[in-house]
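See structure below.
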Amino acid sequence: MSLLAVGLSHRTAPVALLERVAVTGDALVKLLHDIARDAHVSEVMIVSTCNRVEVYAEVDRFHGGVTAVTELLSAHSGVSQDRLTGHLYVHYEDRVVEHLFTVACGLDSMVVGEGQILGQVRQSLRLAQEQGTAGTILNELAQQALRVGKRAHTETGIDRAGASLVGVGLGLAERLLGPIQGKRALVVGAGSMSGLSTATLSRAGVTDIVVANRTFERAARLAQSVGGRAVELADVEHELAAADLVISCTGAGSVVIDTEMVARAVRREKPLFLLDLALPHDVDPGVRTLPGVTLVDLESMQEAGLGDQGEDGREGVAEGIAAVRSIVAAEVCEYLRAERAAKVTPTVVALRAMAADVVEAELGRLVTRVPEIDGRVRGEIAQTVRRVVDKLLHEPTVRVKRLAASPAGDHYAEALRELFDLNPKVPEAVTRADVAEVETDVTGRAGEEEA
């Protein structure tokens, strides 16, 4: 089985296409299970955010896996495969690890270094775990990606160097409204992006914050965290009339704020700024035709290149990016080394199991031939033979695990199976408990005896 990633992002596709491919809620759960049911797929996790849709899978064949994922993305989105393929990127094996680590660090985001992606990857993993589509491989990969992302943000401050999408949006709002301190803000939605929005507004000095959400209890919790107030989603039109700034990110999958609603609510001379961070859109793009109304959404940000600082951006960003890339490179090498080393462990277990069988057979034959040996002597002989076998196997098994961590290290496991005529299917059947036992044995017990 091998790792595969198939996806599209703001770097490869227009927002309009991302909007059609994006999946949330029940549609996301259905896509997870549809991919997991494919004959070529054993595990799957989907990262679907405002600027990327990526499928991570454990597959038995590269071409079969790519075909299955592409066909299902096309079927679920209604986008033809011909159109979709031109915007997809595909990563395989080592490149999957590098890509997910890079994504988790925020280096592949529309706004370099944004920390929101860590929570999104965590939510993607949690959903795959709850739905039973993530197994040992993807669990380990995603957990490591989350650790690497957290390390990168902690050690380099890349999230402080690169503003979040919310920060970029509020910067644009201030160009229109002036300082937002003292303004009235309406946040539509109560998810993670809305939570980030309310926190950012509060830090900027906005004290009049209203949160609207389909589930009032969630809106109330979020509003309470910043000293604001909560309203029902049906009250959005009423709140629009008093708001200076609106941030919407509901994940509803359809328009929540339409042109007619804004037209009815906005009958005043002061301007209204709307920031739509949802994919698909929460706000009807038609509101741009209304006097005094400014709408900034992901598509307009993408077209204007807003937030995409790059390596030639403001002072400190380039250094932060370079530092994060160094961390990613080192972590990828360590992950792959550990993975290669782990692959030889079942073979080592099979070798030790074979040796133990030989020892027990010979001890049994000794008892048959010399039945008069008393129990104490028999025990000493058995312990001596086992110690001899342990000592003989210790150095080769430690060395083969070390060599297996190098590139093309799987050849050492193959050589071990060939030299000792091990059944190739035996290592695959070894349980995790057996593996843990032999890892302790190989790295600890025999060495202690030699000492």
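A short reminder: the numbers here are calculations on the coordinates, not readings from a lab. Keep in mind it's a predicted model, so treat the numbers as computed, not measured. Every residue, glycine among them, receives a Cβ derived from its backbone with ideal geometry; neighbour counts consider all protein chains shown.
The modelled label-to-label distance between Ala16 and Glu372, using points 7 Å beyond Cα along the C-beta direction, is 9.8 nm. Classify region 89-151 from the C-alpha gyration tensor, please: rounded if a/c falls under 1.5, else prolate or oblate depending on whether a/b exceeds b/c. Oblate.
Here the gap between Val398 and Gln224, fully extended at 0.36 nm per residue and compared with their Cα-Cα distance, gives a gain of 56.9 nm.
Rounded to the nearest 0.05, the FRET efficiency derived from the C-beta distance between Arg264 and Ala27 at R0 = 25 Å is 0.20. Computing FRET efficiency as 1/(1 + (r/R0)^6) for Ser254 and Thr67, where r is the C-beta to C-beta distance and R0 is 25 Å, gives about 0.25. Counted over the chain, the DSSP beta bridges are approximately 45% antiparallel. Over all Cα atoms in the chain, the spread is summed up by Rg and Dmax: 28.8, 109 Å. Taking all Cα pairs closer than 8 Å and separated by 6 or more residues, the relative contact order of region 2-162 comes to 28 percent.
Each part gets one Cα centre, and for region 185-264 versus region 17-71 those centres are 31 Å apart. Projected onto its three principal axes, the C-alpha set of region 2-162 covers 41, 35, 28 Å, listed from the longest axis down. Site pair Ala382 and His238 shows an inter-label distance of 8.2 nm when each label is modelled 7 Å from Cα along Cα→Cβ. Taking all Cα pairs closer than 8 Å and separated by 6 or more residues, the relative contact order of the chain comes to 12 percent. Site pair Arg37 and Ala361 shows an inter-label distance of 4.8 nm when each label is modelled 7 Å from Cα along Cα→Cβ.
Only DSSP H runs of four or more residues enter the estimate; each adds -39500 (n - 2.57), and after division by the residues of the chain the mean residue ellipticity at 222 nm equals -18000 deg cm²/dmol.
So between Phe216 and Arg203, what do we pick up on full extension, going 0.36 nm a residue minus the alpha carbon distance?
On the way: separation 13, 0.36 × 13 = 4.68 nm, distance 2.37 nm.
So the chain would gain 2.3 nm between Phe216 and Arg203.
Extension gain for the segment Asp421 to Thr85, taken as residue separation times 0.36 nm less the Cα-Cα distance, is 116.4 nm to one decimal.
In terms of distances greater than 32 angstrom between alpha carbons, the cross-link table entries Lys30/Lys150; Lys150/Lys401; Lys150/Lys270; Lys343/Lys391 yield Lys150/Lys270. Taken over region 165-304, the convex hull of the Cα atoms encloses 93 Å³ per residue. Using C-alpha pairs below 8 Å separated by at least 6 residues, the relative contact order for region 1-81 is 41 percent. Here the peptides 131-141, 390-400, 188-198, 6-16 are ranked by packing, the mean other Cβ count within 10 Å, and the order with the highest first is 188-198, 6-16, 131-141, 390-400.
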